[in-house]
Structures are given as C-alpha cells and as structure tokens.
Amino acid sequence: MKRLFGTPVVDYLPAAALWAITVAYLDIAYGYKPAVRAFPAGVAWVMLALLTLDLVSHSGARAGRALMRWLNPAAQGRESAPPPRQISAISWLLLFAALLVTVGILAAVPMYLFSALRWRGRKSYRACVLGAAGATLFVWLLFSVVLRIALYPGLLFGGA
C-alpha cells in the first residue's frame, strides 16, 4: 500500500475529500453578496483550517505525531475503528442531515440526539429525553430568542 509521510494514503482520503468539498463550497459562497456570504464563508474557512490540522495530524512525520498528541492525546496508540463502525458513524450523520432537511431543525435535533444517545451511547431513557430536550431548548433560545433568527422548518413544514 502506498504511504505518504509514513501513513497509508487511504487514511488521508476522508479529510482530503472533505477539504475538496469545502473548497467548492467556499467558491460557491463567494458568489453570493457580501452580507449573505459572511456566514457560509466563515464556516468554510474554519472547516478548511480544521481539515488541514486533521490531514497533518494523520501523518507519521514528527509534526503530525506532535500535533496528534497536542490535539487528541487519547488517540495515541489506538488504531482506527473498523470500516463497519466508520460507515455506521457516517450513516448517523447522513441521517441527521436528512432529518434537518425534511423535518427542520427543532424536530431533527431532539430526534437525532435521543436516538444517538439511546442506541449508540446506550444511555437510559431519562438521560436521552433530558439530553435531547436540553439541547433543543438551547438551540431554540440561542437562535430564536437571542439572535432572532428563524430556524429552518424543514420541507414537510413549509421550508423551501
């Protein structure tokens, strides 16, 4: 298997693919008017910085190992999760994205959190309900009350 900086090239692929997608997203964001592009461009620049750190931290070079120790000391000496677990984790995120689009933010957040806490985290029903309700309340208070930003209602509830 081909290696780059002491690490199999395949280990770089997820972060590299997300980096390329983020660059395309940034390019699209800069096509918007300045007031509209401020948030998406800011998110994209932060994402590029984090993905760059991720790419460097995966390398077996001295800088990569040092960065890994600094950013995530618990990951030292641990192997990557097996592919089925990685696919499962990505599937949960894709499900959350689908929920956001179809039922909106205020419905998707508690549904996702309850499910993830219960089935992935194996938490009690009480902890799942409290966690999902607390996070949903926080999102609603932050965006609707404090920032006065209307949250996306989802395609099923009038979102376009």
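Quick note: the coordinates plus some simple rules give every number you see, no bench work behind them. On a predicted model such as this, the values are computed, not experimentally measured, just so you know. For neighbour counting, all protein chains shown are included, and Cβ atoms are generated from backbone atoms with ideal geometry for every residue, glycine included.
Mind checking the dipole of the chain: about its Cα centre, +1 per Lys or Arg Cβ, -1 per Asp or Glu Cβ, Debye to the nearest 20? Don't skip to the end; give the middle numbers.
Details: 15 positive and 4 negative charges, 90 e Å.
That gives a dipole near 440 debye.
Taking neighbour Cβ counts within 10 Å as the exposure measure, how do Phe157, Phe114, Phe96 sort from fewest upward? Show your work: numbers first, answer last.
Numbers: Phe157 12, Phe114 21, Phe96 17.
The order, fewest Cβ neighbours first, is Phe157, Phe96, Phe114.
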| query | Put a dot 7 Å past each Cα toward the Cβ at Ala17 and Val101; how far apart are the dots in nm? | reply | 1.7 nm
| message | Show me, for segment 20-29, the HN-Hα J-couplings you get by feeding each phi into the Karplus relation (A = 6.51, B = -1.76, C = 1.60, θ = phi - 60°), rounded to Hz, glycine and proline as x. | response | 5, 5, 5, 4, 5, 4, 5, 4, 5, 4
| Integer Hz, Karplus 6.51/-1.76/1.60 couplings in order for segment 6-18, x for Gly and Pro | x, 10, x, 4, 4, 5, 8, 4, x, 5, 5, 5, 5
| note | Mean separation of Cα contacts under 8 Å (at least 6 apart) over the residue count of the chain, i.e. the relative contact order in percent, is 16 percent
| query | Among Ser59, Leu100, Thr136, which residue has its Cα positioned farthest towards the positive end of the charge dipole of segment 54-160, with +1 placed on the Cβ of Lys and Arg, -1 on the Cβ of Asp and Glu, and the dipole taken about the Cα centre? | reply | Ser59
| query | Which FRET efficiency value, to the nearest 0.05, do you get for Arg62 and Ala89 by plugging their Cβ-Cβ distance into 1/(1 + (r/R0)^6) with R0 = 22 Å? | reply | 0.15
| Integer Hz, Karplus 6.51/-1.76/1.60 couplings in order for segment 108-123, x for Gly and Pro | 5, 4, x, 4, 5, 4, 4, 5, 5, 5, 6, 8, 8, x, 6, 8
| query | Using 20 Å as the cut-off for backbone N distance, which residues of segment 38-53 belong to the label zone defined by a point 7 Å from the Cα of Leu142 along Cα→Cβ? | reply | 38-51
| query | Roughly how many whole Å is it from the C-alpha centroid of segment 120-137 to that of segment 1-59? | reply | 31 Å
| remark: In degrees rounded to 10, the 0-90 angle between helix 125-140 Cα long axis and the longest Cα principal axis of the chain is 80 degrees
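Nearest 0.05, what FRET efficiency do Tyr32 and Arg69 give at R0 = 35 Å with Cβ-Cβ as r? Mind showing how you got there, number by number?
Numbers: r = 39 Å, r/R0 = 1.13.
Given R0 = 35 Å and the Cβ-Cβ separation, E is 0.35.
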| 5 angstrom amide H check on Leu4, placed H, neighbours 5+ away | Val9
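Taking loop as defined by DSSP and a crowding limit of 10 other beta carbons within 10 Å, which trypsin sites (Lys or Arg not before Pro) in segment 1-102 fit?
Numbers: sites: Lys2, Arg3, Arg37, Arg62, Arg65, Arg69, Arg78, Arg85; in loops: Lys2, Arg78.
For trypsin sites (Lys or Arg not before Pro) across segment 1-102 that sit outside H, G, I, E and B with at most 10 neighbouring Cβ atoms in 10 Å, the list reads Lys2, Arg78.
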